[in-house]
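Read through the structure below, which is laid out as structure tokens, and then see the notes.
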Amino acid sequence: MRKFFQELLDFFKKGDMVLLSICLFTTAFGCVEIASATAWTGSLRSVIVQIVATGLGVALYAIVSSIDLDFILEYRLPMLLFNTFLLLLLIPFGIDHGGNTSWIKFPFLPIEIQVAEVCKITYILIMASVMNANQNRLSGAKSIFHMVFHLAAIFGLNTLLSGDWGVSLIFLFIFAGMTYAGGVHWGWFAFTGGAAAVGIPIAWNYFLPAYQKERFEVLWNPDLDPLAIDERYHTNQSLLSLTGGDLTGQGLFNGDRTKVHALNAQHTDYIFSAIGEEMGFLGCLAVLVLEFAIVARVVYVGMRTPDFSRRLVCFGAASALTCQVLINVGMCIGVTPVIGLTLPFVSSGGSSILTLYGMLGLVSGVYARPTPGKQGLYVQPPR
């Protein structure tokens with residue numbers, strides 16, 4: 001405990017201030033757009049929530065950055081049980097948003113929590129722990145089965161209880177990014193591709209609800225909702241806003257569509273389209289540069305450390321961020337299905353901001369301590 005408090009006192013000396021600065025700048029950019037996108041309500045509630053969540057997020061970033069990663073990775077089973085417990089809370093406390101029950105609402109809290117956002121942090125740590133324990137036989141069948149078991153557990157439980165396949169994709173991206181970075185043999189990726197070729201048609205025919213199938217079909221079937229009044233409606237509205245700003249945009253608080261709330265979820269899922277209308281192509285380019293600057297910094301920290309488990313944590317975080325950016329932007333431009341994933345650090349959402357800063361606090365901890373301490377140099381006996 002004394003070591004933790006000493007690390008916390010040294011946070012501004014040892015922590016990754018570059019990463020934190022980029023995150024804060026991106027969050028400030030998002031707050032400006034949230035204020036503009038919600039001006040039609042006459043309330044600053046979303047902006048205030050975002051600012052308060054950012055303050056708490058920075059505190060969480062510092063706290064997580066100060067915790068010894070070797071200590072956390074020892075508690076794989078408690079983290080697995082924590083994820084399971086958190087997802088099971090969707091049964092009594094889950095609330096519906098657009099057909100998905102990904103959020104929990106406690107009567108004694110004024111906010112809603114998207115449990116998958118929290119679980120992705122502990123899932124990254126679980127994967128790093130498993131892969132580190134099997135480092136010398138990572139491509140062996142037993143090791144692969146162990147990793148797939150943890151993926152199937154969290155992916156299956158989240159999909160079953162929330163009905164949200166889109167959010168579950170984050171876990172697939174994390175799994176793929178970490179196994180690739182860890183050096184799993186390419187043959188397993190080829191095998192996975194073949195299994196997906198068989199499994200996807202089965203999932204399509206027997207497991208996907210009709211409304212989720214339509215979200216995919218609308219991407220390649222021009223005969224599906226040609227008037228854009230049903231399945232294609234939100235994508236069409238997004239494109240109208242995104243292309244309405246030309247190079248420099250119509251100006252903050254002056255978007256023809258955003259100021260009358262013609263764009264659905266314009267401060268959350270479709271905030272990238274709102275940026276396109278109000279700040280134009282240059283605004284969209286700026287936010288993409290900021291997002292991938294964060295990813296690049298995370299990858300840099302991972303490449304900088306010689307420790308296997310620390311490097312995996314960084315690549316897991318980079319995979320999660322990349323997944324959210326690509327899917328959110330792809331949804332706005334009409335090349336990926338409509339999935340409720342926020343644009344990291346830009347979209348409105350208190351739980352999203354908190355978990356993002358918490359996840360990157362792990363990366364800051366790797367930056368502060370790129371190699372294990374003395375106690376981490378020895379293999380500890382099973383608990």
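Could you tell me which numbered condition residue 72 fails, if it satisfies all but one of (1) assigned to a helix (DSSP H, G or I); (2) surrounded by fewer than 18 Cβ atoms within 10 Å (Cβ to Cβ)?
All conditions pass for residue 72, except number (2).
Among what's in the range 321-345 and is without any contact (Cβ under 8 Å) to a residue 40 or more places away in the chain and closer than 27 Å to residue 240 by Cβ, pick the residue that is farthest from the chain's Cα centre (by Cα).
330
Determine whether the range 190-197 contains at least one residue that is surrounded by fewer than 12 Cβ atoms within 10 Å (Cβ to Cβ), within 27 Å of the chain's Cα centre (by Cα) and assigned to a loop (DSSP other than H, G, I, E, B).
The answer is no, given that none of the residues of the range 190-197 is surrounded by fewer than 12 Cβ atoms within 10 Å (Cβ to Cβ), within 27 Å of the chain's Cα centre (by Cα) and assigned to a loop (DSSP other than H, G, I, E, B).
If I go through the range 116-142 residue by residue, how many of them are assigned to a helix (DSSP H, G or I) and exposed (fewer than 15 other Cβ atoms within 10 Å of the Cβ)?
Matching residues across the range 116-142 total 5.
Count, please, the residues in the range 143-158 that happen to be surrounded by fewer than 18 Cβ atoms within 10 Å (Cβ to Cβ) and without any contact (Cβ under 8 Å) to a residue 40 or more places away in the chain. Talk me through it step by step, then tell me what you get.
As a first pass, look at the range 143-158 and keep what is surrounded by fewer than 18 Cβ atoms within 10 Å (Cβ to Cβ): 145-146, 148-149, 152-153, 156.
In the following step, the residues that additionally are without any contact (Cβ under 8 Å) to a residue 40 or more places away in the chain were identified as 145-146, 148-149, 152, 156.
Residues in the range 143-158 being surrounded by fewer than 18 Cβ atoms within 10 Å (Cβ to Cβ) and without any contact (Cβ under 8 Å) to a residue 40 or more places away in the chain: 6 in total.
Among residues belonging to the range 75-101 that are buried (at least 17 other Cβ atoms within 10 Å of the Cβ), part of a helix (DSSP H, G or I) and touching a Leu at 6+ places or on another chain (Cβ under 9 Å), point out the one that is modelled with the lowest pLDDT.
My answer is 90.
Run down 233, 211 and say which single residue is within 28 Å of the chain's Cα centre (by Cα) and farther than 28 Å from residue 175 by Cβ.
Just a single option satisfies the conditions, and that option is 233.
Return the residue satisfying two criteria in turn: it lies in the range 36-48 and is out of contact with any Asp or Glu (no Cβ under 7 Å at 6 or more places or on another chain) and surrounded by 18 or more Cβ atoms within 10 Å (Cβ to Cβ), and of such residues it is nearest to residue 258 (Cα to Cα).
37
Return the pairs, sorted by first residue and then second, in which the second residue is in a helix (DSSP H, G or I), the first residue lies in the range 77-92 and is farther than 21 Å from residue 124 by Cβ, the beta carbons are less than 8 Å apart, and the residues are 6+ apart or on different chains.
Cβ pairs passing all conditions: 91/161.
Examine the range 271-280 for a residue that is surrounded by fewer than 24 Cβ atoms within 10 Å (Cβ to Cβ) and among the charged types (D, E, K, R), and state whether such a residue exists.
no
Checking the condition free of Cβ contacts under 8 Å to residues at least 12 places away in the same chain and closer than 30 Å to residue 368 by Cβ, which residue from 318, 210, 296, 286 passes?
Within the list 318, 210, 296, 286, the selection yields 296.
Residue under question is residue 310, and the condition is that it be under 18 Å from residue 24 (Cβ atoms), buried (at least 22 other Cβ atoms within 10 Å of the Cβ), touching a residue at least 60 places away in the same chain (Cβ under 8 Å) and not β-branched (Val, Ile, Thr); does it hold?
Values: under 18 Å from residue 24 (Cβ atoms): no; buried (at least 22 other Cβ atoms within 10 Å of the Cβ): yes; touching a residue at least 60 places away in the same chain (Cβ under 8 Å): yes; not β-branched (Val, Ile, Thr): yes.
In short, no.
Would you check which residues across the range 1-35 are among the charged types (D, E, K, R), surrounded by 20 or more Cβ atoms within 10 Å (Cβ to Cβ) and either farther than 21 Å from residue 276 by Cα or in contact with a strand residue (DSSP E or B) (Cβ under 9 Å, 6 or more places away or on another chain) (or both) and list them?
Residues satisfying the conditions are 7, 16.
The values are calculated or read from the model by the stated rules, or taken from the named source; none is laboratory data. On a predicted model such as this, the values are computed, not experimentally measured, just so you know. Methodologically, a virtual Cβ is constructed for each residue, glycine included, from the backbone with ideal geometry; neighbour enumeration extends over all protein chains shown.
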